[in-house]
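Below: one structure, written as structure tokens.
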Amino acid sequence: MKYTLITMCKSLILQCLPNNINDNVCGDIEEEYNQLTAGNNSKLQSNLWLIKHTFITCGYFIMTTNKLWALLISAFSMSLFMMMALAIIWLSNYSDISEFSEQFWQQFSSGGLHLVFFEANFWQYSLQSLSKGFELHLWFDATAFIYSAIALLIIVKLHHKNNQSIKQFLSISISLMLLPYLLGSIVLATKNIPMIETGPIIATMWLTIFYLIIPISFQLIQKINHKKKG
């Protein structure tokens, strides 16, 4: 049991740690484990100590700052991507406006599109609409597509500029992604557009974010890793 467990733990450490330190770390952990087994500790206590410190050691090297940022950025971008997808599906299939208050629709049609995510009914009906939301025309808007393609070209060029900071890259990328949403909100707030005619505007506002959030996150993670290596 001792040989099998220590071998498994050392193999795991060898997979997680850099080559220049894994032998020393394995040697230290094995030496301390042998001391524990030779002392007054029970075999179970020694084995639990070995397992605990193996996972702590591997976790320390696996969850580096860069990998933690990558995990957080990926989680945020996927969450926003799914929220925009649900919003598009909901708006395309929703017909019973009586489930929402008149005040909500007034604010929504005046540019407060984000308010929909704070409505419990939205989550109920958007999830129910998932089976209806996979028609291709829901996911394509010419204006949003053309703008997103141009914005993505700019973002990729910015990504390859080594002298640009991550903060500059992030601020420019987010500004490009949110610009159609902000302009659309201004148009809806300043012009009295009937709710039935707001569809194309809302489609451009939401689909631009839907198109760009994943590529921007990917470029940002790459830039963070590149800066670290540099």
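The values are calculated or read from the model by the stated rules, or taken from the named source; none is laboratory data. All values reported here derive from a predicted model rather than from experimental measurement. Glycine gets a Cβ as well: all are built from the backbone with ideal geometry, and neighbour counts include every protein chain shown.
Which one of these is at pLDDT 80 or above, out of contact with any Cys (no Cβ under 6 Å at 6 or more places or on another chain) and among the charged types (D, E, K, R): LYS52, LYS67?
Details: LYS67 fails: at pLDDT 80 or above.
Checking each option against the conditions leaves just LYS52.
Condition check: modelled with pLDDT of 90 or more and closer than 30 Å to ASN66 by Cβ. Does SER185 satisfy that? I'd like the intermediate steps shown before the answer.
Working: modelled with pLDDT of 90 or more: yes; closer than 30 Å to ASN66 by Cβ: no.
No, not satisfied.
Is it the case that the range 30-42 has a residue that's within 30 Å of ILE201 (Cβ to Cβ), free of Cβ contacts under 8 Å to residues at least 24 places away in the same chain and not in a helix (DSSP H, G or I)? Spell out the reasoning first.
Initial filter on the range 30-42 (within 30 Å of ILE201 (Cβ to Cβ)): none.
No, every residue in the range 30-42 fails to be within 30 Å of ILE201 (Cβ to Cβ), free of Cβ contacts under 8 Å to residues at least 24 places away in the same chain and not in a helix (DSSP H, G or I).
Would you mind stating whether GLN219 is under 20 Å from ALA70 (Cβ atoms), surrounded by 12 or more Cβ atoms within 10 Å (Cβ to Cβ) and free of Cβ contacts under 8 Å to residues at least 60 places away in the same chain? Walk me through how you get there before you give the answer.
Details: under 20 Å from ALA70 (Cβ atoms): yes; surrounded by 12 or more Cβ atoms within 10 Å (Cβ to Cβ): yes; free of Cβ contacts under 8 Å to residues at least 60 places away in the same chain: no.
Judged against the criteria, GLN219 is not a match.
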